[in-house]
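Participant: Structure incoming, see below.
Read the figures in this text as sums done on the coordinates, not as results from a lab. As the structure is a prediction and not an experimental result, all values here were calculated from the model. Methodologically, a virtual Cβ is constructed for each residue, glycine included, from the backbone with ideal geometry; neighbour enumeration extends over all protein chains shown.
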Amino acid sequence: MEIRSSPKIPQSNGHYAQCIEHNGILYLSGQLPIDPITGNIPESIEEQADLVLNNIELILNEVGSSKNKVLQVRVYVPSIELWDRVNERYSLFFESHKPVRCIIPTRELHFGCLIEIEVTAIS
């Protein structure tokens, strides 16, 4: 098991790694829609979904993978009513690639965010 990092990957504030590789599989911690440069959180679910997915792509690219190597996605939202809007942004991001996924309606997310996404990918 190896913790994967890069100066371009935002560091976590908690007691966890952003990315761990084990036997050629990458496990990315749940990503919130926080801009890695400004620390800002966009307001709309569409902007938040785009930011989370772009942050995931940044991490994957930095550790030598890509969004087309994603195997599984877990999406957390505070309300299932957001799903159609999230699914639209998700579909645009992944295009023809269709990883397995689940959506988990939760209560509130940290910092009042509307989405959190974690992925498993091939390195």
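Participant: Subtract the Cα-Cα distance of residue 41 and residue 25 from 0.36 nm times their separation in residues, and report this length gain in nm to one decimal. Please list the in-between numbers first.
Facilitator: Values: separation 16, 0.36 × 16 = 5.76 nm, distance 2.93 nm.
Here the segment from residue 41 to residue 25 would lengthen by 2.8 nm.
Participant: So which GluC sites (Glu not before Pro) in the stretch 1-100 are both in a DSSP loop and have at most 15 other Cβ atoms within 10 Å of their Cβ? Can you show the working numbers first?
Facilitator: Values: sites: 2, 21, 43, 46, 47, 57, 62, 81, 88, 95; in loops: 43, 95.
When the GluC sites (Glu not before Pro) of the stretch 1-100 are filtered for loop state and at most 15 Cβ neighbours within 10 Å, 43, 95 remain.
Participant: For volume of the Cα convex hull per residue in Å³, several values are listed as [x] 167; [y] 100; [z] 236; flag the one computed from this structure.
Facilitator: For volume of the Cα convex hull per residue in Å³, the calculated option is [y].
Participant: Can you tell me the orientation of helix 45-62 relative to the chain, as the angle in degrees between its alpha-carbon axis and the longest Cα principal axis, to the nearest 10?
Facilitator: Taking the Cα atoms of the chain, the angle to 45-62 is about 0 degrees.
Participant: Related question: With springs only between Cα atoms under 10 Å apart, run a GNM on the chain and tell me which of 11, 72, 31 wobbles the most.
Facilitator: 11
Participant: What stretch of the chain, leaving out the sites themselves, is the longest with no trypsin sites (Lys or Arg not before Pro) in a DSSP loop having at most 11 other Cβ atoms within 10 Å? Don't jump to the answer; show the numbers that get you there.
Facilitator: Details: sites that count: 8, 107.
With trypsin sites (Lys or Arg not before Pro) excluded where exposed in loops, the chain gives 9-106 as its longest stretch.
Participant: Next up: So, in nm, how far is label residue 80 from label residue 122 when the simple model puts each one 7 Å beyond its Cα toward the Cβ?
Facilitator: Distance between the two pseudo-spin positions: 3.3 nm.
Participant: Name the most mobile residue of 104, 37, 56, meaning the one with the largest mean-square fluctuation, in a Gaussian network model of the chain with Cα contacts below 10 Å.
Facilitator: Highest fluctuation among the options: 37.
Participant: Further question on the same structure: What's the angle, to the nearest 10 degrees (0 to 90), between helix 83-94's Cα axis and the longest principal axis of the chain?
Facilitator: Value to nearest ten degrees: 30.
Participant: Using modelled amide H (1.01 Å from N, peptide plane; none on Pro or chain starts), what sits under 5 Å from the amide H of residue 19, excluding residues fewer than 5 places away?
Facilitator: Result for residue 19 returns 4, 29.
Participant: With each label point set 7 Å from Cα along the Cα-Cβ vector, what nm distance links residue 97 and residue 111?
Facilitator: Label at residue 97, label at residue 111, 2.4 nm between them.
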